[in-house]
1. Looking at Gln195, is it free of Cβ contacts under 8 Å to residues at least 60 places away in the same chain and not in a loop (DSSP other than H, G, I, E, B)?
2. When you scan the stretch 208-224, do you find a residue that is assigned to a loop (DSSP other than H, G, I, E, B), among the small types (Gly, Ala, Ser), over 21 Å from Val24 (Cβ atoms) and modelled with pLDDT of 95 or more, even just one?
3. Given the residues Ser173, Ser182, which is the only one that is among the small types (Gly, Ala, Ser), over 15 Å from the mean Cα position of the chain (by Cα) and surrounded by fewer than 20 Cβ atoms within 10 Å (Cβ to Cβ)?
4. Condition test on Lys112, is it of a type in the set (D, E, K, R), more than 15 Å from the chain's Cα centre (by Cα) and modelled with pLDDT of 95 or more?
5. Kindly establish whether Gly57 is of a type outside the set (A, V, I, L, M) and touching a Ser or Thr at 6+ places or on another chain (Cβ under 7 Å).
6. Tell me which of these Ser182 doesn't satisfy, since it passes every other one: (1) part of a helix (DSSP H, G or I); (2) touching a helix residue (DSSP H, G or I) at 6+ places or on another chain (Cβ under 6 Å); (3) polar (S, T, N, Q).
7. For the stretch 62-166, give me every one of the helices (runs of 4 or more DSSP H) that falls completely inside it and has 1 or more residues that are of a type outside the set (Phe, Trp, Tyr) and surrounded by fewer than 23 Cβ atoms within 10 Å (Cβ to Cβ).
8. Within the stretch 73-111, can you find the residues that are closer than 26 Å to Thr206 by Cβ and of a type in the set (Val, Ile, Thr)?
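The values are calculated or read from the model by the stated rules, or taken from the named source; none is laboratory data. Every value quoted in this text rests on a predicted model; they were computed, and no experiment measured them. FYI the Cβ positions are ideal-geometry reconstructions off the backbone, even for glycines, and counts take in every protein chain you see.
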Amino acid sequence: MTPNAAMTELRTKAPLVHCITNYVAMNIAANVTLAAGASPAMIHAIEEVADFTPICGALTINIGTLSAPWVAAMQAGAKAALAAQVPWVLDPVAHFATPYRAQVAQDLLALKPSLVRGNASEIIALAGGAGAGKGADSGDSVADAQASALALAKRVGCVVAVSGTDDFITDGSRSAQVTGGSAIMPKITALGCSQTALVGAYAAVTPNLDAAVAAFLHFAEAGARAETIASGPGSFSVAFLDQLHNLHPGDLDEARVTWV
């Protein structure tokens, strides 16, 4: 499915997206999901995630701010998604920073996410390599992470999406690069985390590889347009949400996508 066709599906169905995400990202992830055309739910209590996940179009799990109760809820949500055949997305934020975080990421990876979204350093490390990341920031290029993304996609049987200056998305056999966005985007806290929520929204309405490409292109197009009217990170944040909302099917420049 083309990105513009996927956007039509997103806007028509407005899927419910279950976002288990970090404290820093909750607000922007919810706003990005809403602006793009889906409906976010920021539920994380273990007492309800297993009941809630099956009624959603997709689940996204972001490990940015971990605690034992949240980890238990993440695992329960992932298991419920698998049982109900609900697509789920893993965002392994800075999983290489501590042994605890690394183990949580590997335990979630074992629960077979439909998609993994991360920066280059996160993907390299998740595949078993040695990345140069610093906290949640990448120290590696997307090009450096392509081999790791391919290997991880084949091993887990999922789509791996690497965000960066030029994004790389693969299911292990087919791959795409997406260009666009803005150099201001890394200056906005948790914007990458919100991209994970958008990937989940698209995964609720279209196959996983197409979903990641459409979500990344929607993000890139909105970022490129927002940059033309923003004077810095603050005004960019507002303009970016407006552009996510104001883009309509047919507005996404599919020439930004190169299949490799």
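1. Working: free of Cβ contacts under 8 Å to residues at least 60 places away in the same chain: no; not in a loop (DSSP other than H, G, I, E, B): yes.
For Gln195, the condition - free of Cβ contacts under 8 Å to residues at least 60 places away in the same chain and not in a loop (DSSP other than H, G, I, E, B) - is not met.
2. Restricting attention to the stretch 208-224, the residues satisfying the condition of being assigned to a loop (DSSP other than H, G, I, E, B) are none.
Looking for residues that are assigned to a loop (DSSP other than H, G, I, E, B), among the small types (Gly, Ala, Ser), over 21 Å from Val24 (Cβ atoms) and modelled with pLDDT of 95 or more, one finds none in the stretch 208-224, hence no.
3. It is Ser173.
4. yes
5. Spelling it out, it is not the case that Gly57 is of a type outside the set (A, V, I, L, M) and touching a Ser or Thr at 6+ places or on another chain (Cβ under 7 Å).
6. The number of the failed condition is (1).
7. Numbers: elements: 68-84, 99-109, 120-126, 142-156.
Result: 68-84, 99-109, 142-156.
8. Scanning the stretch 73-111 gives Val86, Val89, Val93.
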